[in-house]
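Have a look at the structure below, then the notes.
The values are calculated or read from the model by the stated rules, or taken from the named source; none is laboratory data. Please read these numbers as outputs of a predicted model, since none were measured by experiment. Every residue, glycine among them, receives a Cβ derived from its backbone with ideal geometry; neighbour counts consider all protein chains shown. Protein only, heavy atoms only, side chains kept; ligands, DNA and RNA dropped before computing areas. Shrake-Rupley method; radii C 1.70, N 1.55, O 1.52, S 1.80 Å.
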Amino acid sequence: MTPPASRTPVLECIGVERSFGGLKALKGVNLSIAEGEIVGLVGPNGSGKTTMVNVITGFYPPQAGQVKLFGQDITGMRPYRIAQHAVARTFQNLALFRGMSVLDNILLGRHVHMKPGALASLFYWAWAAREETVHREVAEDIIDFLQLQDVRDDAIETVPPGLQKRVELARALASEPRLLILDEPMAGMNQEEKEYIARFILDARDERGVSILLIEHHMDVVTSLCDQVLVLSHGEAIASGTPREAISSPQVVAAYLGQRAAARAGASA
Ligand code: ADP
Ligand code: MG
C-alpha cells in the first residue's frame, strides 16, 4: 500500500501577477500540486505558461501573489536558492552545454548537492573522491533509467535533438528533485519519442515519487498523463480540474478555436 500523501501541497501559487511593460502576462493565477500528482499547465501559445514556470523558479519574481514550496514561502527568492528546495526544471528551448559529454551535462545537475567551497575540497582529495563517486552513481542510475547508455560519452552536440531533450530531463532528475517542472518536453519530437517521454513522466512519478508540473499546449497529451490541469488563456486561468472537466469547458474550446482561427487568418494573409 502506498503511504497517504502529505497534506501540505508540493507547490502552491496564490494570485500570481506578472507584467512585462504594459502586457499583463499573468493575472492572478492560482495553482496547486499535491504530492505525487502530475498537473498539466495548458493553454495556447503566449498564454503565460512559461512565465508561470519562470515565476515559480525565481527567474521572474511576481509583482503580486505568493509562491509556496512544501509550505514554505519562496516568493522573490533567487533561482539558485529555489533550486536547493528540491525543484528542477527543463527549458522550452534546449539548454545544454556544448563541448561537454552527455555524462558531464547530467553531472551538472548534481551541483545543488555539492558542498560550498568545492575548490577547498580538492585539498581533501580522499573526501572529494568519495563525493565524486556518489554523484557519479546517481548520474549512472539516471543514465540507465533514461536509457542513455549508448550516448553517455558522446559530445552533446553530436547527439540527435530528440535525445538531447532526454539528456536535459536526465540532468533535471540528477538533482533528485521532489518537484519536476517540464516546459514542453515533447516539442519537436516524433510520435515514438513522445511516447517514450510520456512513459518516462509516469515512471518518474511512480518509481521516484516526483511530483510533476507538465507544460504543454497540446490538450491530448495532458489528457492522457495528468491528474489535474489548469488552462491559461491571455494570462488568466479559464478552467481547472480533471482533464475531462477542462476539455468540456466552453471557455477552453473557445480559446483553442480562437487560436486556430488566428492561425488560419495568418496563413491566408
Ligand atoms: P507561453 O509559454 O504560454 O507560450 P509565455 O509565458 O512565454 O507564453 O508568454 C506570455 C506573454 O508574455 C507573451 O505575450 C510573451 O510575449 C510575454 N513575455 C514573456 N516573457 C517576456 C519577457 N521576458 N519580456 C517581455 N514579454 C514577455
Ligand atoms: Mg512557453
Quick one: work out the % antiparallel among DSSP beta bridges in the chain, nearest 5.
55
Two-site FRET efficiency, Leu94 against Gln66, from Cβ-Cβ distance with R₀ of 22 Å, rounded to 0.05:
0.10
Subset of Lys24/Lys194; Lys27/Lys68; Lys27/Lys165; Lys49/Lys194 violating a 23 Å alpha-carbon distance limit:
Lys24/Lys194; Lys27/Lys165
At 7 Å along the Cα-to-beta-carbon direction for both Glu140 and Arg199, put a label point, then send me their distance in nm to one decimal.
2.4
Rounded accessible area per residue of the chain, 1.4 Å, Å²:
51
Which one, Ile14, Leu202, Gly43, is farthest towards the positive end of the dipole of the chain when Lys and Arg carry +1 and Asp and Glu -1 on their Cβ?
Ile14
Counting only helical runs of four or more DSSP H residues, what would the 222 nm mean residue ellipticity of the chain come to if each run contributes -39,500 (n - 2.57) and the total is spread over all its residues?
-12500 deg cm²/dmol
With the full set of protein chains in place, find how many percent of the accessible area of the chain is carbon and sulfur; take the probe as 1.4 Å.
54
Please give the Cα centre distance for segment 63-106 versus segment 156-230, rounded to the nearest Å.
15
Approximate shape of the chain as ellipsoid semi-axes (Cα gyration tensor, √5λ), whole Å, largest first
33, 22, 18
Under unit Cβ charges (Lys, Arg +1; Asp, Glu -1), what dipole magnitude, rounded to 20 debye, does the chain have relative to its Cα centre?
940
At 0.36 nm per residue, and after removing the present C-alpha to C-alpha distance, how many nm does the segment from Glu132 to Asp73 gain when stretched out fully?
18.0 nm
If I take R0 = 35 Å and measure r between the Cβ atoms of His111 and Ser249 in this structure, what FRET efficiency does the formula 1/(1 + (r/R0)^6) give, to the nearest 0.05?
0.25
